[in-house]
Protein chains: 2
Amino acid sequence: MTSQAKTQIEQAIEAQRNRQFYAAYPENPKAYAEDANAKGLESFQKYLNTDFTGIAENPHQTRVGEEVSPYMMVGLGVQYPFYEAEDLVTYARNAWPAWRNTGVEKRAEILVNSLNNIAERFFEIAYATMHTTGQSFVMSFQASGPHANDRAMEVLSLAYQELNRFEKSVEWVKPMGKFDLKINKTFQPIPRGISLVIGCSTFPTWNTVPGLYASLIAGNPVIVKPHPKSILPIAIVVEEIQKALLEAGLQANVVQMAPDTLANPITKKLAEHHDVKLIDYTGGSAFGDYIESLSGKITFTEKAGVNSVILDSVNDPQAVFNNIAFSACLYSGQMCTAPQNIFVPETGISTAEGHLGFDDVVAGIGNAIKGLVENPKMGPYTLGAIQNDLTVNRVDEAKKYTQVALDSIPVQHPDFPDARMKSPVVMVTEASNVEVWQHECFGPAVFVVKTKDSISSLQLAAKSASSLGAITCLCYTTSEAFRDEVAATMNEAFTPVSFNFTGAAFVNQHAAFSDFHVSGGNPSGNAGFTNPEYVNRRFVWVGNRFA
Amino acid sequence: MTSQAKTQIEQAIEAQRNRQFYAAYPENPKAYAEDANAKGLESFQKYLNTDFTGIAENPHQTRVGEEVSPYMMVGLGVQYPFYEAEDLVTYARNAWPAWRNTGVEKRAEILVNSLNNIAERFFEIAYATMHTTGQSFVMSFQASGPHANDRAMEVLSLAYQELNRFEKSVEWVKPMGKFDLKINKTFQPIPRGISLVIGCSTFPTWNTVPGLYASLIAGNPVIVKPHPKSILPIAIVVEEIQKALLEAGLQANVVQMAPDTLANPITKKLAEHHDVKLIDYTGGSAFGDYIESLSGKITFTEKAGVNSVILDSVNDPQAVFNNIAFSACLYSGQMCTAPQNIFVPETGISTAEGHLGFDDVVAGIGNAIKGLVENPKMGPYTLGAIQNDLTVNRVDEAKKYTQVALDSIPVQHPDFPDARMKSPVVMVTEASNVEVWQHECFGPAVFVVKTKDSISSLQLAAKSASSLGAITCLCYTTSEAFRDEVAATMNEAFTPVSFNFTGAAFVNQHAAFSDFHVSGGNPSGNAGFTNPEYVNRRFVWVGNRFA
């Protein structure tokens, strides 16, 4: 490994052990070259209505591509080569031997190099993300650029440690009394097999690169199956990995893109293929449950979750309402970490400024959302656009069955008049109306759920986490005893809790090297970014003995 | 943790990282007190035809116990309290909170103490093992005593590392330009839930204690479901863990015994119970496949394997035949690591003493087995007794369908005239007769399979490992090139290879702290002793954040 790559890995190892703040790639766009933004935009625009030729091509007969910009509401017109599942598997199988024999040090170097090269294209990836997911430019830049790269670097560092965990060659000497029994032993981490990484439409790189890099560094070939509506961002990432592979004299097919269409999906064919041994998946629960049920596969899933806010008592109510409002508005609730159900006691909450009734709390949250959404410098850029119509329809449907405290507010995006936008709807419901709030309502919608008291709020949140899954929980309380109870109870449901977040701390954001993302312990998914088993299960320790 | 326990853990951590020889508990019976053997025998004899009262008792209405000594061919008459599955789960659930809140340090101390106390009872456990499994006294002592304790200590040391892997409390400070964002974070390994450990009849402690101790140190309560024919050895182990728990002021029910009968098994009820989250299993493949298929469970299985010997070329043929003979005779082939299929080229093998034809090789192996079996000082003590009639019948049935080169030789055990004994049968078959050799024939039987050449032998062994599973492979070759090819090909089927074992090195023996046991990569099982995921998957990292 080059000393630069080695240093990068070592810094990342130290960071993820300590779990303190660390960024391998700066998240501020201003930290990059002055002309990077303009060049990135130009590069993105060049892709429109052309064949994407960045990724290495195998023989193919057709191209596919049906991405639509949620900002411009027109198709991007980017066309990618289409391959049948069987062909992808064959190419992966052929590329595998050289990759598995490349050795951990060299694999790490190639992959770190690819990340450094991807960083040169963060702006281009940002525009590609913006115009496939609907994220704002800043979120697109951060989530698909530095934050995704950070997660990949975190995975590489953890895997590098694990792949070097045990002595690889030892002389084992057992005293037998009259003589010593000597056996030379070797221990090798053997890659599991072909890895399939299934992406989602909203976070096409952030949710894909951890599994992709984890499988690669362990020596497995990877087939990336992007969501048909979010291909371009990850195609650029795969292009850079392929370049790094080719530069090292390896086959590009170590990592392949497998674009398909909504009408003719190939995911099941790939997932069920005998030679596919590892599957990473981000997306809806029904398909995720199917992926988990496949026999003979090791799966890493992130599925739906229903995230709770428990409002018990606060110091500064306005700061709390603002914080909740921002978390609900950020990317219009299209984050797996966004809060959905806000549990508030029917008697209201105590604050440092006096008691607030239930209706006051509802109004406070609604007004904070309204204030943010209607702020022209903040609203459109926080909300971003809605990735697809289903999300809009889902929220409109939900409104029919309960009381609406704040309806969607029409928002115009100053740069994109046709942008598909929808600000969060605030709905109010009794806790007993479980059919209203006890399911995922992905998108710009929050339910304020009226409960008997805070203990009841906690019980409902914990039950919801255990039965429906939860990726986050946000709790506001000034009571230490209640705080401890919430922590213990929600943690028992394998849900992390963020307490009393105000200001710049938001429950939606899970930082690489510090916050685990998805615990793997409740129905929101069976794996987490990034704990040791996330990398360990992609290879197998096998020892040989030589007398 | 006491400094003694801490030292024991630290030595074990160092040992499993280095993978060199280490024994936490000496394997030589002579290393223990002079009167330990006599006392152990006396203790064992006191159990016969009585109620076992060592384990803490919950209310129960009946007792069960149907163990039979394969040496004496009479029932042991030991009776254990019987509990319904639902009651066991309830007791486990009730004992859990105090255990999970005990903290890793204290849990480690309690569990190390229990191992040290178990070591005081190795002889008693040895006799219990001998008279339930049929193992010889020495194997019973080593496998159920020090070797089992070593595996448990290895698990504790690995889990102790993993449970302390990340900082548990940090102040996370993110520079935001004009200010710093400060968030206090805590990270906790949260235990998964109730753990079920299903034992087997042949290695009642060695195969049970790794899962048992791994689940316990991670904070999970455990229900031990022993094989109805091998309860006593693990009951003594559980008794000592319960004593250590009680001494620390905890409930004995943190670990429970769940004995049942062949006629009325409770395993499925336990395995399918919603609250059971972790399942360890050792036994046949059909039931193991069922265990792996259960949704919502994390499973660790060791199932059947078909182990191969690849005979290509040797230096000293007699040394090789003797080694294979010993491995085939040891505990009459009732080890999951015992060789079954010996692949020999139809043209024979080259040796330092000249060429040996195929028939010479068959004769050599047969004569070596005959020599060992008929040696009155070696034979009975190497073979031990056959655990159950099915094993005898299976071998008798196999003989009908192929050529027998060496039939079973009648053996008398000098101490136990009624012992159920059967020396290995050597059968010869063409490679094309796959129905003869391409399935597990557990017990005292080896098949010498005539192949085209050594490359063909390797291909057959690898295919067998991939499709039927394999826990070991033994290869004899003087060619470096072929050695490398065998290693690469068998490792790709996730099977470890032992090369050119002669003298005191035997393929059957997997040493704690050094050899992984079962790779988890082929159908012989989905988990291995003892790699990091074996402990990591028993708990979940969950972080909380405090603004």
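The values are calculated or read from the model by the stated rules, or taken from the named source; none is laboratory data. Predicted, not measured: the structure shown is a model, and the values here were computed from it. Every residue, glycine as well, gets a Cβ built from its backbone with ideal geometry; the counts of neighbours run over all protein chains shown.
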Of B:ALA338, B:ALA325, the only residue that is modelled with pLDDT of 95 or more and either more than 23 Å from B:HIS131 (Cα to Cα) or part of a strand (DSSP E or B) (or both) is B:ALA325
Looking across region A:536-547 at residues that are assigned to a loop (DSSP other than H, G, I, E, B) and at the interface with another protein chain (Cβ under 7 Å from one of its Cβ atoms), the single one that is farthest from A:GLY283 (Cα to Cα) is A:ALA547
Residue pairs qualifying under the 7 Å Cβ cut-off, at least six apart or on distinct chains, with the first in region A:138-159 being touching a residue at least 60 places away in the same chain (Cβ under 8 Å) and over 15 Å from A:TYR127 (Cα atoms) and the second being assigned to a helix (DSSP H, G or I) and among the hydroxyl-bearing types (Ser, Thr, Tyr), are A:ALA152/A:TYR213; A:VAL155/A:TYR213; A:LEU156/A:TYR213
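Out of the residues in region A:354-386 that are of a type in the set (Gly, Ala, Ser) and assigned to a helix (DSSP H, G or I), state the one that is surrounded by the fewest Cβ atoms within 10 Å (Cβ to Cβ).
Ranking the qualifying residues of region A:354-386, first place goes to A:GLY371.
Quick check on A:GLU533: is it in contact with a Lys or Arg (Cβ under 7 Å, 6 or more places away or on another chain) and within 9 Å of another protein chain (Cβ to nearest Cβ)? So that I can check it myself, show each step before the final result.
Values: in contact with a Lys or Arg (Cβ under 7 Å, 6 or more places away or on another chain): yes; within 9 Å of another protein chain (Cβ to nearest Cβ): yes.
Yes: the conditions hold for A:GLU533.
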Those helices (runs of 4 or more DSSP H) completely within region B:387-474 that have 1 or more residues that are surrounded by fewer than 22 Cβ atoms within 10 Å (Cβ to Cβ) and touching a residue at least 60 places away in the same chain (Cβ under 8 Å) are B:454-468
Out of (1) away from chain B (no Cβ under 14 Å); (2) surrounded by 15 or more Cβ atoms within 10 Å (Cβ to Cβ); (3) of a type outside the set (Lys, Arg), the one A:THR7 does not meet is (2)
Residues of region A:55-78 being surrounded by fewer than 18 Cβ atoms within 10 Å (Cβ to Cβ) and of a type outside the set (Val, Ile, Thr), in sequence order, are A:GLU57, A:ASN58, A:PRO59, A:HIS60, A:GLN61, A:ARG63, A:GLU66, A:MET72, A:MET73, A:GLY75, A:GLY77
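Within region A:119-131, how many residues are outside any helix (DSSP H, G or I) and touching a Gly at 6+ places or on another chain (Cβ under 8 Å)?
Going through region A:119-131, the residues outside any helix (DSSP H, G or I) turn out to be A:120-121.
Next cut, touching a Gly at 6+ places or on another chain (Cβ under 8 Å) only: A:121.
Residues in region A:119-131 being outside any helix (DSSP H, G or I) and touching a Gly at 6+ places or on another chain (Cβ under 8 Å): 1 in total.
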In the set A:ARG100, A:ARG165, the lone residue that is touching a strand residue (DSSP E or B) at 6+ places or on another chain (Cβ under 8 Å) and not aromatic (Phe, Trp, Tyr) is A:ARG100
Q.
Whether any residue in region B:33-46 is crowded, with 19+ Cβ neighbours inside 10 Å, touching a Leu at 6+ places or on another chain (Cβ under 6 Å) and away from chain A (no Cβ under 14 Å) is what I want to check.
A. no
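Kindly indicate the residue of region B:481-511 that is assigned to a loop (DSSP other than H, G, I, E, B), touching a helix residue (DSSP H, G or I) at 6+ places or on another chain (Cβ under 6 Å) and crowded, with 24+ Cβ neighbours inside 10 Å and also nearest to the other protein chains (Cβ to nearest Cβ) among those meeting that condition. Let's see the steps before the verdict.
Going through region B:481-511, the residues assigned to a loop (DSSP other than H, G, I, E, B) turn out to be B:493-496, B:500-511.
From what's left, touching a helix residue (DSSP H, G or I) at 6+ places or on another chain (Cβ under 6 Å): B:493, B:495, B:501-502, B:506-508.
Then drop every residue that is not crowded, with 24+ Cβ neighbours inside 10 Å, which leaves B:495, B:501, B:507.
Values: B:THR495: 7, B:PHE501: 5, B:VAL507: 8 Å.
Selected residue: B:PHE501.
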Scanning region B:475-489 for residues that are within 31 Å of the chain's Cα centre (by Cα) and of a type in the set (A, V, I, L, M, F, W, C) gives B:CYS475, B:PHE482, B:VAL486, B:ALA487, B:ALA488
- Item | Residue match in region B:316-338 (condition: more than 29 Å from the chain's Cα centre (by Cα) and surrounded by 21 or more Cβ atoms within 10 Å (Cβ to Cβ)) | yes
By residue number, the members of region B:379-416 that are under 24 Å from the mean Cα position of the chain (by Cα) and of a type in the set (A, V, I, L, M) are B:LEU383, B:ALA385, B:ILE386, B:LEU390, B:VAL392, B:VAL395
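Restricting to strands (runs of 3 or more DSSP E) lying wholly in region B:132-206: which have 1 or more residues that are facing chain A (nearest Cβ under 9 Å)?
Numbers: elements: B:169-175, B:180-191, B:194-198.
Those strands (runs of 3 or more DSSP E) span B:169-175, B:180-191.
Let's see how each residue does on (1) surrounded by fewer than 24 Cβ atoms within 10 Å (Cβ to Cβ); (2) of a type in the set (Phe, Trp, Tyr); (3) within 16 Å of B:SER215 (Cα to Cα):
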| residue | (1), (2), (3) |
| --- | --- |
| B:ALA126 | no, no, no |
| B:HIS131 | no, no, no |
| B:GLN135 | no, no, no |
| B:PHE141 | no, yes, no |
| B:SER144 | no, no, no |
| B:ARG151 | no, no, yes |
| B:VAL155 | no, no, yes |
| B:TYR160 | no, yes, yes |
| B:GLU167 | yes, no, no |
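Mind checking which residues of region A:247-265 are surrounded by fewer than 21 Cβ atoms within 10 Å (Cβ to Cβ) and not polar (S, T, N, Q)? Working first, answer last.
Quick first cut of region A:247-265, residues surrounded by fewer than 21 Cβ atoms within 10 Å (Cβ to Cβ) only: A:247-252, A:261-265.
Of everything in region A:247-265, those that are surrounded by fewer than 21 Cβ atoms within 10 Å (Cβ to Cβ) and not polar (S, T, N, Q) turn out to be A:GLU247, A:ALA248, A:GLY249, A:LEU250, A:ALA252, A:LEU262, A:ALA263, A:PRO265.
Quick one: is A:SER514 within 25 Å of B:ARG165 (Cα to Cα), at the interface with chain B (Cβ under 8 Å from one of its Cβ atoms) and of a type in the set (Ser, Thr, Tyr)?
Values: within 25 Å of B:ARG165 (Cα to Cα): yes; at the interface with chain B (Cβ under 8 Å from one of its Cβ atoms): yes; of a type in the set (Ser, Thr, Tyr): yes.
It is true that A:SER514 is within 25 Å of B:ARG165 (Cα to Cα), at the interface with chain B (Cβ under 8 Å from one of its Cβ atoms) and of a type in the set (Ser, Thr, Tyr).
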